[in-house]
Amino acid sequence: MNEKMNILLVSEDELMINQLSNVFADEADLESVTFRELRTEFDRLEPDLVFIVQTEDEGACVDAIEYCIGENPASVVVFIATYQDFNLLRTVTRAGAMDFFIFPDEWTLFNGRVDSILHMVRERKKQLIETSATNQSFKRGRGQIFSFYSGKGGSGRTLISTTFAQTLKFESTAQVLLLDLNLQYGGVETFLSIDSNRSVAHLIPVIEELNEGHIRNVTERFRIINESFTSRNANTN
């Protein structure tokens, strides 16, 4: 008997939540969250399979897909659209969605594919477990901290740290957060061609109640495409 898997449904639609809950009632433990709750609940739920249901903000759908895959590369993401839109489906596929369906038009097709989707998730999970046993690449966990410092200016700390961060992202599955703590002369954004008006200094008013959301609001997010960095503003406000 197959072990039950964890399924996460990201949706604002109560009807869709009820429909999918009924489909997977005997196969998996399914929990639902809104797009706003995704970032705070993802780590706790550790889903094997994620369904993301189209919302009015199509950018939020793409960000949700990229976030899930970035946080846990083992997760399989399936996108559910509410109407036919070739450009959107192409975008979510490029973002990392393994499959997509259009509801209600493809509801019958979806039901016929449930077993194959679950099989794909189990095989992917098994493959990644086997790979991780022989691969020394970084995995999700509590993480590691690398510090580059020098008592002398002009020693190349910024160059080394930015190059190291990019290489680490290229050569592993790690999520990399690069912090420039030189508040007086720091210039890491210049090395990465970032034009940003926010920095860690903006966290001072909330320093006593600092959480992940505050940190994300002052960071810049990057996607590596063809071995180059593309800047994307990660501010959620």
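The values are calculated or read from the model by the stated rules, or taken from the named source; none is laboratory data. The shown structure was predicted, so the numbers you read here are calculated from the model rather than taken from an experiment. Heads up, the Cβs are rebuilt from the backbone with ideal geometry, glycines too, and the neighbour counts pull from every protein chain shown. Heads up: the accessible areas ignore ligands, DNA and RNA and are worked out on the full protein's heavy atoms, side chains in. Shrake-Rupley method; radii C 1.70, N 1.55, O 1.52, S 1.80 Å.
Structure values in brief
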item: Selected residue (criterion: least open to solvent (accessible area, probe 1.4 Å)) from residues of the range 164-210 that are charged (D, E, K, R) and in a loop (DSSP other than H, G, I, E, B); result: D180
item: Set D85, D13: member being among the acidic types (D, E) and in contact with a strand residue (DSSP E or B) (Cβ under 7 Å, 6 or more places away or on another chain); result: D13
item: Top-ranked residue of the range 93-111 - restricted to ones that are touching a helix residue (DSSP H, G or I) at 6+ places or on another chain (Cβ under 6 Å) and among the aromatic types (F, W, Y), ranked as nearest to D63 (Cα to Cα); result: F100
item: Which listed residue, of T230, T219, is among the hydroxyl-bearing types (S, T, Y) and either modelled with pLDDT of 75 or more or in contact with a helix residue (DSSP H, G or I) (Cβ under 6 Å, 6 or more places away or on another chain) (or both); result: T219
